[in-house]
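Accompanying notes for the structure given below.
Taken together, the values in this text are just the output of simple stated rules run on the coordinates, not laboratory data. Since the structure is predicted, the reported quantities are computational estimates derived from the model, not experimental observations. All Cβ positions, even for glycine, are placed from backbone atoms using ideal geometry, and neighbour counts span all protein chains on display.
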């Protein structure tokens, strides 16, 4: 139970991240996998470069050691050459036991010993041995002089003879010396010929060097333990090896083949199931190959291993940078998105619930089936699945509202079509009125002609080719024509004045704003004031970017309560049979202005019983260049 609780606490932050499974899969495929391949490739390239650099550095060290060893061996060869060029040496070797007296033989021994001691004075020379014919008196000395026959059983004797006077290096072997015991040495040997009989071998000169001369130089190579550093002869035999048991054995055939490819180089070989690097260089003095052989781990010194560990540490840092950091960023982004999604879902639910509460009948049932269903979504589906469901329900709701709106528009258009079909064709009306006008003129009925002409102007201005926006000048002209027609109907009952500044043709406004107000002033104000001459005054001015219209009459007026109610509720027109009453009313005009310009615009009514009424119209001043509204 305790382990389960610990695991639950450990996994709790991951659950709070709530990363969708597709996102996590995309993260693994698009970030983790490419980054892993990149890091692996980087590691492999770095390892290959590092390994190549290690091999190159080791090869340079091996070449330097080979150069130092060649120099030391060449010094031994120079000493051998100096002794070989001594003319007395050959003369002394040609003196036989029967040819000279004992005194001469002793003199020869003394001179040869001086020569040997001179050669042995060099620090690199351990011992000088001279093998001569056993007939020589000094052949049995066994310190510096030995019988030639004792050398014939050595494996490299034939090679010395075949060298025909050239220096032959014997390789490392063990030799027993009188008075000093056994020593591990290598020798520079050469054959000496009798100057009187060139075909006759008079002796062999051997200059011995201790093994430490080679091992001391090669021990300076800072190669890792396990790396084999040895000397191989051209025939593939090992002439020096730190392990004495391997001296004289043959190298692997693959290694021998690699050594024969050039004077120096590196080679990667598969030996005994392991990859081995073989580095070699040629010693000019002896013609041997100085070889360093080992596996990758054996060739890598401690610094390389530290570098590899540093690479692994860098890889882990890169992994944290490329993998963990994007994961944390992704988690933060997802959590932020989840919060936003939750807010969107909450808003959709809220709007859906309010929409459901505002609907009745069929809509209420749809709301229950739609937005209420969001509350029933199981939490395990995740916020994104919930958002998808929410959006689906919202789309269904919007689609329903669009269909309802479309149906309403269709019905409205059908009603407008029916209304248009019921209207008289304007052109037919204009032509008919024009015909009546000319008949009246022909019969001298000027009053009828004037009334018909005014009626034609009224229809032309009110219809305005079907446009809902007219110029202020046309709107004033419409009110003027209306009043002229009414003057013909009610002669002598009222008069009107129009006060307007020039340039009003540049301003636009909705049509049929002033005419209903003028109609109300005439029918409900002046016509009901019996026994006095009525006056209607229309004025307009611009104030602070707005147009102010004032329609004043000196009619019967009204009380303050009635004046205030005219703009807050629709009132039907009077049915007194006088042809009065407006189909619009002040209420409708006020609402139209607010819909057109905003709540800051509209009508204001000021009236007093028995004194008259003033209706003020405030509307936005829009010029021709401004967008027009229908």
For this session: Work out Dmax and Rg for the range 486-623 from the C-alpha atoms and quote the Rg first, both in angstrom.
Result: 14.9, 43
Exercise. In the range 486-623, what % of DSSP beta bridges are antiparallel (nearest 5)?
Worked result: 80 percent
Exercise. What is the order of 438, 156, fewest Cβ neighbours within 10 Å to most?
Worked result: 438, 156
Problem set entry | Inter-label distance, nm, simple model (7 Å from Cα along the C-beta direction), residue 50/residue 608 | 10.6 nm
For this session: Could you rank the peptides 609-620, 143-154 by their average count of other C-beta atoms within 10 Å per residue, with the highest value first?
Result: 609-620, 143-154
For this session: Assuming 0.890 mPa s and 25 °C, estimate D for the range 184-291 with Stokes-Einstein, Rh taken as the Kirkwood radius over Cα pairs, in µm²/s.
Result: 155 µm²/s
Problem set entry | Principal axis dimensions, the range 86-215 - Cα atoms, whole angstrom, descending | 46, 30, 24
For this session: Restricting to the range 87-196, compute how many DSSP beta bridges are antiparallel as a %, nearest 5.
Result: 75 percent
Problem set entry | Sequence ranges 439-449, 231-241, ranked by mean other-Cβ count within 10 angstrom, highest first | 231-241, 439-449
Problem set entry | Relative packing of 65-75, 276-286, which averages over residues the other C-beta atoms within 10 Å, highest first | 276-286, 65-75
Problem set entry | Segment residue 87-residue 198, length gained on full extension (0.36 nm per residue, minus Cα span) | 38.5 nm
Exercise. Rounded, prolate or oblate: which fits the range 146-193, taking a ≥ b ≥ c as square roots of the Cα gyration tensor eigenvalues, rounded meaning a/c under 1.5, else prolate when a/b beats b/c?
Worked result: prolate
Exercise. Which percent of the Cα-Cα distances in the range 208-260 go past 15 Å?
Worked result: 51 percent
